[in-house]
Amino acid sequence: MKEKLNYLDFKEACKTSLELVNPILKTEIIYLMSSLGRVISKDIVCVKNLPSFNNSAMDGFAIRFSDAGKTLKIKDTIFAGDKKDFEALEENECFKIMTGAKTPIDIDTIIPVECCEKLSDNSVIIPKNIKKGANLRLKGEELKQGEIIIKKGEAITSSHIALLASQGITQIEVFRKLKIAVLSTGNELKEPWEKADEEEIYNCNAFAIISQLKEKDFESTYCGVIPDSLEKSVIFLKNLSDFDIIITSGGISMGDADFIAQAFLKCGLDIAYHGINLKPGRAMMMGTLNSSLVLSLPGNPLAAMINCYLFVIPILKKLQGEIAFYHDFTVVINKKCFKVKESRTEAVLGKVENGEFIVTRDNKYGSGMISAVYESNSLMVSEGNSSSIKENDNIKILYFSGRFTNKKVNFLN
C-alpha cells in the first residue's frame, strides 16, 4: 500500500524550488545577431561614448544662446557625416544644421526650423524665448566610457542588441544553453502523428510544455513516452544523465500504474517535495538526480501548463544564470464575482481586457481541459483566505507573457 502524500504549502514549494537551483555558469561566445534570449555572463561596459560627439537633435539652426531674438546670417550648412572643421561663429551668425550633424565647439543651442521666422537663403530670425542647450545632444550624455551598460545575468532583448551594436560589439559571452529533456508518461498516449482509437488520447502535454519553454527562449528535447512499467521506466530514466533538467508529466499520483516516482527513487532521486497544496496542480514532484534537476508535472494538461508556468519557468531562468527569475505581477480590477477554494491555494485562469480580470468559465473547469487555457491570457493565485473573489476587488495577476523581476515579490493576495 502506498504512503499518503504530505502536500507542501504552495509558498513553501515556490521557495524550495528556487533554493534548490544552482546556476550553471559554463559560457560560450556567440555572434550578436544570434544572441536574442541568451543570458549575459559578465558585465558589459561602454567602450564608445554615446553620443560620441556633440550633435544636433533636429533640423534647424545652430546658434550661441547669446544671439537669441536676433536676425542671424547663415554662415554655412552642416550635414550629418561632415568631418571638416567649421570656422567659429562671429557675432550675429549661425549655422544651418541637419539632424545628427556634429556641432562646432562654440555652439550651445539648436533651434528647429519650424520655430524660426523669415527664413531666407542667407538669414533667419531666431525667437527670443528659447532654452539654452535645447536640442543639443552632448558627447557622452547617454553613456560614458567605462559605465556598465548591461549587467551579468540580463537576458538579451532587441533593445540590448541595439545598445551593443551602438558600441561596435559583434560578439558577446553568454551562459551556455540548458540541456532540457521533456518526457510524457502513459500507455494510453499516442503521438499526434499516430492513429488513436476511442480508448487512447493524443499526447498534448509534451508539445504544450516544449512550446511554453520556447516562448521563454528555452530549447528542449522531446525524449518520448515513458512506458507504464517500473522496470522499463528505470532503464529509460538512466539514459538521461546528460541533461541539466528532466521534465515529466503524469505518473506521480497515487494510482497503481503511477511508476515514475518509484522509478526515479530507484535511480537515486533525492526528493525535495512530492505534492503541493495547489488546485489544480497538486500532483507535482521536484528533486535532484545526480547533476540533474527533476520536475515531474501533473498529467492533466491544464494543471501541467499552469505548473510549468508557475514553477518550471522561474527555475529555468535561475538555472540559466538570469537575475530576473521571480514572477512579476500586475494589479487589475476583478469584473465578476467568482468562488474559490478555501484553505487551499488555487490557480484561477482568466482574461484581462482594459485592466479588468474576467474569470474563465466562472472558474468552473476541470484540470484536464485544454481549451480553458487557450481562452485565458492570465492567472490569479488565490491564497485560500476566503470562498470568493468579489466584483471590483483589486487582484494581482500574472500574464502568461508577463515580465520577470530580480526582486522577490509576493503575487498572492
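The values are calculated or read from the model by the stated rules, or taken from the named source; none is laboratory data. Everything numeric here is computed off the predicted structure, so don't read it as measured data. All Cβ positions, even for glycine, are placed from backbone atoms using ideal geometry, and neighbour counts span all protein chains on display. These accessible areas exclude ligands, DNA and RNA; they are computed on the full protein's heavy atoms, side chains included. Shrake-Rupley method; radii C 1.70, N 1.55, O 1.52, S 1.80 Å.
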* Structure fact -> In nanometres, the difference between 0.36 nm per residue of separation and the alpha-carbon distance of I370 and C115 is 85.9 nm
* Gyration tensor verdict on the stretch 287-413 (Cα atoms; rounded if a/c is under 1.5, prolate if a/b is larger than b/c, oblate otherwise) -> prolate
* Please work out the FRET efficiency for the pair S158 and K351, using the Cβ-Cβ distance as r and a Förster radius of 35 Å; give the result to the nearest 0.05. => 0.85
* Structure fact -> Probe 1.4 Å, heavy atoms of protein chains only: per residue, the accessible area of the stretch 89-190 in Å² is 54 Å²
* Structure fact -> Check: C-alpha center the stretch 149-209 vs C-alpha center the stretch 266-295, spacing in Å is 21 Å
* To do: Sort the following peptides by mean Cβ neighbour count (other Cβ atoms within 10 Å, averaged over residues), highest first: 175-181, 360-366.
  => 175-181, 360-366
* Where the only charges are on Cβ atoms (+1 Lys, Arg; -1 Asp, Glu), what is the dipole of the chain about its Cα centre, to the nearest 20 debye? -> 780 debye
* Structure fact -> Measure of exposure for K238: accessible area at 1.4 Å probe, Å² rounded to 10, is 130 Å²
* Asked: Roughly how many percent of the accessible protein surface of the chain is carbon and sulfur, given a 1.4 Å probe and a whole-percent answer?
  -> 50 percent
* Asked: Where a ≥ b ≥ c are the square roots of the eigenvalues of the C-alpha gyration tensor, would you call the stretch 292-362 rounded, which needs a/c under 1.5, or, failing that, prolate if a/b is larger than b/c, or oblate?
  -> oblate
* Rounded, prolate or oblate (a/c below 1.5 giving rounded, otherwise prolate when a/b exceeds b/c) for the stretch 195-254 by Cα gyration tensor -> oblate
* **Rg(Cα)/(2.2 N^0.38 Å) for the chain, N = residue count** => 1.37
* Exposure rank, largest accessible area first [S159, S292, S371; 1.4 Å] -> S159, S371, S292
* To do: Using a cut-off of under 17 Å, list every residue of the stretch 106-141 whose amide N is near the label point 7 Å from the Cα of A88 along the Cα-to-beta-carbon line.
  => 106-109
* To do: Would you calculate, for the chain, the mean residue ellipticity at 222 nm contributed by helices, counting each DSSP H stretch of 4 or more residues as -39,500 (n - 2.57) and dividing by all residues, to the nearest 500?
  => -4000 deg cm²/dmol
* Structure fact -> Zone reached by a paramagnetic label modelled 7 Å from K26 Cα along Cα→Cβ, restricted to the stretch 231-248 with backbone N below 20 Å, covers 238-247
* Could you tell me what percent of the DSSP beta bridges with both partners in the stretch 58-104 are antiparallel, to the nearest 5? => 40 percent
* Structure fact -> For the stretch 1-93, the charge dipole (Cβ of Lys, Arg +1; Cβ of Asp, Glu -1; about the Cα centre) points to a positive end, and the Cα of S66, L8, I78 closest to that extreme belongs to L8
* Give me the percent of DSSP beta bridges within the chain that run antiparallel, rounded to the nearest 5. => 70 percent
* Give the peptides 204-214, 29-39 in descending order of average Cβ contacts within 10 Å, highest first. => 204-214, 29-39
* Asked: If packing is taken as the mean number of other Cβ atoms within 10 Å per residue, what is the order of 336-344, 317-325, highest first?
  -> 317-325, 336-344
